[in-house]
Amino acid sequence: MAKTVATLIGVLFILVGIVGFLAPGVAGFHLSMAHNLIHIVSGAVSLYFGLKGTLAGARLFCIVFGAVYGLLGVAGFLFGGAGNHTMSGIAHGADSRLLSVIPGALELGTVDHTFHIFLTIVFLAAGFMTRADLGRAVD
């Protein structure tokens, strides 16, 4: 399961990274150049583990990325506050949970935090549902 999820989310990350360059505010996300590059690199790493990595590597990748996205999502909800977006190409409206990682270059809002929590659930489920007995080639 971990290899399948890593592959599918890898493709999703790369697509989101590309779409973000064309429509940075699509669906309420905050897809700046920095955010898009992070998505493309993350997608490439995820694809590697999904397509070329070992099952054990894909499992560990899913667990680690799940934890990272969980921390990012929780940090956004806990430390994000009311503020206005300052990135170009994104509607300059208020967000009740805006987290300005790099003001004007990497800002995450409520929609981003929610999606990060969703990714946490998917990655952790894939990681922990993949058998720990990796002597078998079962996904």
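The values are calculated or read from the model by the stated rules, or taken from the named source; none is laboratory data. Note that the structure is predicted; figures quoted are calculated from it, not measured. Here the Cβ is made from the backbone with ideal geometry for all residues, glycine too, and neighbour counts use every protein chain on show.
Kindly indicate whether any position in the range 46-67 is in contact (Cβ under 8 Å) with a residue 60 or more places away in the chain and over 30 Å from Thr130 (Cα atoms).
No: the range 46-67 contains no residue that is in contact (Cβ under 8 Å) with a residue 60 or more places away in the chain and over 30 Å from Thr130 (Cα atoms).
Report the residue count in the range 53-109 for those that are assigned to a loop (DSSP other than H, G, I, E, B), crowded, with 17+ Cβ neighbours inside 10 Å and of a type in the set (A, V, I, L, M).
Residues that pass the stated criteria total 2.
Could you please find all residues in the range 17-42 being closer than 27 Å to Phe128 by Cα, of a type outside the set (Ser, Thr, Tyr) and touching a Phe, Trp or Tyr at 6+ places or on another chain (Cβ under 8 Å)?
Matches in the range 17-42: His39, Ile40.
Return yes or no: is Gly76 over 26 Å from Leu51 (Cα atoms) and modelled with pLDDT under 85? Step through it out loud before you land on a result.
Details: over 26 Å from Leu51 (Cα atoms): yes; modelled with pLDDT under 85: no.
Considered against the rule, which asks whether it is over 26 Å from Leu51 (Cα atoms) and modelled with pLDDT under 85, Gly76 comes out as no.
Failed condition for Ala126, given (1) in contact with a helix residue (DSSP H, G or I) (Cβ under 6 Å, 6 or more places away or on another chain); (2) among the aliphatic types (A, V, I, L, M); (3) not in a helix (DSSP H, G or I), with all others met?
(3)
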